[in-house]
Amino acid sequence: MVDNNKIIHLFITNKCTHNCKNCCNKQYDIDKIPVITVDELKYADTVLLTGGEPFMLVDYLEDFAKMLKHGFTNIKQLYVYTCGDSLYKYLQKGKTLDIFDGVNIAPKNKYDAECTNSILKYRKDDILSLASSRLYIFPEMNDYIPTYDLYGYSNFEVIHRKWQEEFVPDSGIFRRLPILFE
């Protein structure tokens, strides 16, 4: 295996609160994404959970994350991609982010931005206690996300991003679970 396999973008659910016209999930046939293998997990040092919206899996996400980290001790970093609203609801239900090393938040609409702002205002310590996190801001979200108080935190990166016609992860491999969480 090559070093690129040390980073795995793992698609775990189709569930999502959105129907974004530019959603990267509309760009490919989920059934054609290769299924993750145990060997790939044994080799990985970073896993990024994606979907749909992983934080909608309130009853499963934390246990699944613990299984990954404890079952595969080689996995040193575990991140979750979210649009913001489901992360907000997840935290409102008393869940913590302790098992994760970071979250990557990409608000897609005004409600996501409001939820993200609430998290960053009232639950900022939860996010800043993680090893590293990112806030992806698409042009249409510029007016809704006040990033001025986020710059300067070494473990939080603000990235201005444009929609991509064809989404390709920056690095690593893209895999899915054989059976997606519902």
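The values are calculated or read from the model by the stated rules, or taken from the named source; none is laboratory data. None of the values given here were measured: they were computed from a predicted structure. Counting neighbours? That spans all protein chains shown, and the Cβs are built from the backbone with ideal geometry, glycine included. For accessibility, only protein heavy atoms count, side chains too; no ligands or nucleic acids. Shrake-Rupley method; radii C 1.70, N 1.55, O 1.52, S 1.80 Å.
Here the condition is being touching a helix residue (DSSP H, G or I) at 6+ places or on another chain (Cβ under 8 Å), open to solvent by less than 30 Å² (accessible area, probe 1.4 Å) and modelled with pLDDT of 80 or more; of LEU130, LEU135, LEU177, LEU150, it holds for LEU135 alone. Return the only residue of LYS89, LYS110, LYS121, LYS95 being open to solvent by less than 60 Å² (accessible area, probe 1.4 Å) and among the charged types (D, E, K, R). One residue alone meets the criteria, LYS95. Scanning segment 2-50 for residues that are at pLDDT 85 or above, open to solvent by 30 Å² or more (accessible area, probe 1.4 Å) and not charged (D, E, K, R) yields ILE7, ASN14, PRO34, VAL35, THR37, VAL38, TYR43.
Kindly list, by first and then second residue, each pair from a residue in segment 58-87 that is over 21 Å from TYR136 (Cβ atoms) and touching a residue at least 12 places away in the same chain (Cβ under 8 Å) to a residue that is open to solvent by less than 10 Å² (accessible area, probe 1.4 Å) and assigned to a loop (DSSP other than H, G, I, E, B), limited to pairs with Cβ atoms under 6 Å and residues at least 6 apart or on different chains. Sorted first by the residue in segment 58-87, then by its partner, the pairs are LEU68/ILE75; LYS69/ILE75; ILE75/ALA44. Cβ-Cβ contacts under 8 Å between residues 6 or more apart (or on different chains), taken from a first residue in segment 35-52 that is of a type in the set (Phe, Trp, Tyr) to a second residue that is at pLDDT 95 or above, are listed as TYR43/ASN74. When the helices (runs of 4 or more DSSP H) confined to segment 17-100 are screened for residues that are within 14 Å of the chain's Cα centre (by Cα), those reaching at least 1 such residues are found at 61-71, 85-92.
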